[in-house]
1. Please report the net charge: other residues with Cβ closer than 15 Å to the Cβ of P72, K and R +1, D and E -1.
2. What does the extension gain come out to for Y105 and D15, with contour length at 0.36 nm per residue minus their alpha carbon separation?
3. Between G168, G59, G152, find the one with the highest GNM mean-square fluctuation for the chain; connect C-alpha pairs within less than 10 Å.
4. Looking at this model, which pairs from K41/K113; K44/K106; K37/K176 are more than 25 angstrom apart at the alpha-carbon?
5. Could you tell me whether region 23-105 comes out rounded, prolate or oblate from its Cα gyration tensor? Rule is a ≥ b ≥ c as square roots of the eigenvalues, rounded for a/c under 1.5, then prolate if a/b exceeds b/c, otherwise oblate.
6. Which residues does the label zone of R49 cover in region 114-129, counting backbone N under 14 Å from a point 7 Å along Cα→Cβ?
7. Note down the nm distance, to one decimal, between modelled labels 7 Å out along Cα→Cβ at R90 and at Y116.
8. Name the long-range amide H neighbours of E64: under 5 Å, sequence gap of 5 or more, or other chain; modelled H, no Pro or chain starts.
Amino acid sequence: MLELDEKFFARFGVDYSPNEIIFCEYEPGYEFYFIQKGRVKIVKIINDREKTIDVLSTGDVFGEMSILEEEPRSATAIAVDVVRVFKFHRDNFDTLLQGNPQLAYKLLLIFSKRIYDAKRRLMILLLEEPSVKVMDVMIMLAEQNPQFDVEGEIIINTTASQIASWAGMADSEVQKELTHLARVAKIDLFEDRIAVKNIRDFQRIVTSRRKNLYS
């Protein structure tokens, strides 16, 4: 986890109250944020409904896409409780990195992972069927395992709540889909993990639905 000491707060620190909006979807973005304390909810409007796509906590970075791509905000950030962040502006970003090479390296690692996560989550959210979204989340989580092998059973250490966060769905809705998949013998469902019997089946279904989106 990236750590910054208290001396940064005098220059870069900002506090937010519970439910306070930090920035809104579609507005111009010139800053990114590092959470020193508290939780931040990232929400997005999808099909005219507000979906929570992530809840970030101490040590997480958000809003960095405005620095990297110079585009409007792709989601809204809201303080869940009392939040303290370091707020870095595009204008002082270069100076910050030049004076802190270790910080620069850590931020680049975080940015790389966040870009991948954001694009992968968007691919999931664009799928229309809840069951297919759940399948795609399990594919993504399986692919994160360096020993990932499409042959045979795959164990994914995750929960319904974690899948719901990735898929932009309610926990109850995800639990319903997982229960169905278990009932038809596609998965074995445990409290803290899921055993997928044949990940190739999920890949085939998701690939087919994704092709239909662009046909």
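1. -4
2. Details: separation 90, 0.36 × 90 = 32.40 nm, distance 2.58 nm.
Between Y105 and D15, full extension yields 29.8 nm more.
3. Fluctuation is largest for G152.
4. Listed pairs above 25 Å: K44/K106; K37/K176.
5. oblate
6. Taking a point 7 Å out along Cα→Cβ of R49, the residues of region 114-129 whose backbone N falls under 14 Å are 125-129.
7. 2.7
8. For E64, whose amide H was placed from the backbone, the distant partners under 5 Å are Y33.
We did not get these values from a lab; they are worked out from the coordinates using the rules stated. Since the model is a prediction, treat every value here as computed from it, not as a measurement. All Cβ positions, glycine included, derive from the backbone under ideal geometry; neighbour counts span all protein chains shown.
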